[in-house]
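Here is the structure we will look at, set down as structure tokens.
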Amino acid sequence: MGYSIYKYSSQEADNINLGQGGVAFLSDTSALTPPSGQVIIAIQVVGSGTKIAALVAEDPTRWFNTVSAAYSGQNGDTWDTAQALYTGFTLHGRWTSLTLASNSAVIVYFGD
């Protein structure tokens with residue numbers, strides 16, 4: 001996949017940050033998948049101690065995930081599901097599915 005760091009204009013990037021591509025709140029252990037034609041582009045932690053149980057990348061060689069190590073040739077690792085995240089922390093990437101551990105809460109931002 002030929003991704004460019006210039007995928008979005010400045011205005012489009014601002015709109016994404018404001019949730020204009022769509023957002024969802026997740027606080028249970030069911031898998032969340034984005035709407036058709038979109039991916040999860042940001043995960044903002046709203047519950048202290050939040051843990052990600054499963055995270056599937058659109059391209060697992062480019063974005064960290066729980067399935068395989070992104071950039072393993074450059075010492076990248078698989079996401080550690082025991083890693084606790086804290087309120088206000090935001091993860092950026094491109095994922096097709098997210099599942100949280102119990103007692104976790106996030107806001108998920110969608111983009112194309």
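The values are calculated or read from the model by the stated rules, or taken from the named source; none is laboratory data. On a predicted model such as this, the values are computed, not experimentally measured, just so you know. With ideal geometry, Cβ positions are generated from the backbone for all residues, glycine too; neighbour counts draw on all protein chains shown.
If you go through region 25-60 and keep only what is assigned to a loop (DSSP other than H, G, I, E, B) and hydroxyl-bearing (Ser, Thr, Tyr), you end up with 27, 29, 30, 33, 36, 48.
Among all residues of region 62-85, there is none that is at pLDDT 95 or above, charged (D, E, K, R) and either surrounded by 14 or more Cβ atoms within 10 Å (Cβ to Cβ) or on the phi > 0 side of the Ramachandran plot (or both). When 79, 63 are checked against the criterion of being more than 25 Å from residue 9 (Cα to Cα) and outside any strand (DSSP E or B), 79 stands alone in meeting it.
All told, residue 42 meets the bar of being under 25 Å from residue 12 (Cα atoms), in contact (Cβ under 8 Å) with a residue 12 or more places away in the chain and in contact with a His (Cβ under 6 Å, 6 or more places away or on another chain).
For every residue, the table says whether it meets (1) hydrophobic (A, V, I, L, M, F, W, C); (2) without any contact (Cβ under 8 Å) to a residue 40 or more places away in the chain; (3) closer than 14 Å to residue 25 by Cα.
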| site | (1), (2), (3) |
| --- | --- |
| 62 | no, no, no |
| 69 | yes, yes, no |
| 97 | no, no, yes |
| 102 | no, no, no |
